[in-house]
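See structure below.
The values are calculated or read from the model by the stated rules, or taken from the named source; none is laboratory data. Small disclaimer: the values here were computed from a predicted structure and weren't measured. In this analysis, Cβ positions are derived from the backbone assuming ideal geometry, glycine residues included, and neighbour counts consider all displayed protein chains. These area figures cover heavy atoms from the full protein model, side chains too; ligands, DNA and RNA do not enter into them. Shrake-Rupley method; radii C 1.70, N 1.55, O 1.52, S 1.80 Å.
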Amino acid sequence: AKPFVPDKIIVIAERMIAAHRLKREGAAMQRYMSDSAIEAAAKAAHAEGDDMHAERRFVTTFFTDIVGFTPMTESMEADALVTLLNDYFDTMTPFFKENGGIIDKFIGDCIMAVFYGDDDAANAESALGAVKTGLMMTQGLAEFNAGREVPIDIRVGINSGDVIMGDIGAAAVRRDHTVIGDHVNLAALMESSADHGTVFISQHTHDLISDRVVSVEREPVAVKGKSEPVRAYRVDDTA
């Protein structure tokens, strides 16, 4: 209503600008956080206190990295290396969303992701989704490498089992919402043991989807701290 009160107009304008800035910051922050971390942060914002939360959950954990990445960091210019990595991530990360995976974090050239459901049937579907993601990545490399001066190769490792999912870090400074445990370590071991350009899965994952994949048993993988090696399978296709 006229006449306008300048101070009131200023307050309204500042409030609208602040709300717009918060909206943009929120949208930007979501690109730096996994979907599970965003969900955990929303729950924490509405909870009383500031306790760290954790739960035991059955998940399929997925690791992939670029073979020979360390020598690449020494031989390539920084801008070219970052451009290559970002192009690679832009190409590969949609496969996770397509198959129900949640990217937990990027660790240099490595992608760590989790796939999970709410019951036995959903857990099997999640394991299959992880395998499909790995196959889509390895099969898509030829197109990605076309015309590139520095072609890349990748490997994928997958394992299924109970993990600890929750807040890890310093309560007052910085925390991650992630998964830890023996089955996470085994997924990483599957990845480091995989042949170049292939998808390796553990016996645990194979038991869930053996009738839905075309696989070849490989040499058992020795696991530090375990008396018996772990059986591993190379997945060539889905059945």
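Condition check ((1) within 19 Å of Asp109 (Cα to Cα); (2) within 21 Å of the chain's Cα centre (by Cα); (3) part of a helix (DSSP H, G or I)) across all residues:
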residue	(1), (2), (3)
Met137	yes, yes, yes
Val156	yes, yes, no
Asp167	no, yes, no
Thr178	yes, yes, no
Val235	no, yes, no
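Need pairs with beta-carbon distance below 7 Å; first residue surrounded by fewer than 17 Cβ atoms within 10 Å (Cβ to Cβ) and within region 61-74, second of a type in the set (A, V, I, L, M); sequence gap 6+ or separate chains.
Note: pairs meeting the criteria are Val67/Ile154; Thr73/Leu81.
Give the residues of region 219-235 that are open to solvent by 70 Å² or more (accessible area, probe 1.4 Å) and either at pLDDT 95 or above or touching an Asp or Glu at 6+ places or on another chain (Cβ under 7 Å) (or both), sorted by residue number.
Arg231
Could you identify the single residue in Phe95, Phe58, Phe89 that is aromatic (Phe, Trp, Tyr), open to solvent by 20 Å² or more (accessible area, probe 1.4 Å) and in a strand (DSSP E or B)?
Of the residues listed, the single one that is aromatic (Phe, Trp, Tyr), open to solvent by 20 Å² or more (accessible area, probe 1.4 Å) and in a strand (DSSP E or B) is Phe58.
Among (1) more than 19 Å from the chain's Cα centre (by Cα); (2) among the basic types (Lys, Arg); (3) buried (at least 16 other Cβ atoms within 10 Å of the Cβ), where does Lys132 come up short?
(1)
Here is a yes/no grid of residues against (1) buried (at least 21 other Cβ atoms within 10 Å of the Cβ); (2) touching a helix residue (DSSP H, G or I) at 6+ places or on another chain (Cβ under 8 Å); (3) not aromatic (Phe, Trp, Tyr):
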position: Tyr116; (1), (2), (3): yes, yes, no
position: Asp119; (1), (2), (3): no, no, yes
position: Phe144; (1), (2), (3): no, yes, no
position: Ile152; (1), (2), (3): no, yes, yes
position: Ile164; (1), (2), (3): no, no, yes
position: Asp167; (1), (2), (3): no, yes, yes
position: Arg175; (1), (2), (3): no, no, yes
position: Asp182; (1), (2), (3): no, no, yes
position: Ser193; (1), (2), (3): no, no, yes
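Looking at region 97-125, I want the residues that are under 16 Å from Val163 (Cα atoms) and have a partner that is surrounded by fewer than 17 Cβ atoms within 10 Å (Cβ to Cβ) with Cβ atoms under 6 Å, at least 6 apart or on another chain. Which pairs are those?
Listed pairs, sorted by first residue: Ile102/Asp35; Met112/Lys105.
For region 105-129, name all the residues that are of a type outside the set (A, V, I, L, M) and within 14 Å of the chain's Cα centre (by Cα).
Lys105, Phe106, Gly108, Asp109, Cys110, Phe115, Tyr116, Ser126, Gly129
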